[in-house]
Amino acid sequence: MQEACEGDVISTALLLARWRQLHDPRANFAAVEDRILRHVIELRHGRGYLAALAARRAKRFAADFATAANDAATLAPWLDSEAA
């Protein structure tokens, strides 16, 4: 029961973060989501839902990393040639 309640709290916090971004475009949902998930993972050892949260966080990081790599290749193609 405790894990279900914690899941509701996490979902509500993420929903409020998404709502905040709708009203304030300066609020970056991805950064807020990452911070919330990181804190939950650090503070709630042994919970059954941590693997799913860690996978969600890793998926978001991989997507952001791919976007940044694509931007770097487009904006600074000479960086790619130096790495080879």
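Summary table
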quantity	calculated
Positions within region 39-61 being among the basic types (Lys, Arg) and over 14 Å from the mean Cα position of the chain (by Cα), in sequence order	Arg44, Arg47
Subset of region 3-42 that is part of a helix (DSSP H, G or I) and small (Gly, Ala, Ser) - its residue that is farthest from Phe61 (Cα to Cα)	Ala4
Residue that is modelled with the highest pLDDT, among those in region 43-61 that are over 23 Å from Ala30 (Cβ atoms) and either small (Gly, Ala, Ser) or in a helix (DSSP H, G or I) (or both)	Gly48
Selection status of Asp64, under 12 Å from the mean Cα position of the chain (by Cα), acidic (Asp, Glu) and at pLDDT below 90	yes
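The values are calculated or read from the model by the stated rules, or taken from the named source; none is laboratory data. What you see is a predicted model, and the numbers here were worked out from it, not measured in a lab. So basically every Cβ, Gly included, is an ideal-geometry build from the backbone, and we count neighbours across all protein chains shown.
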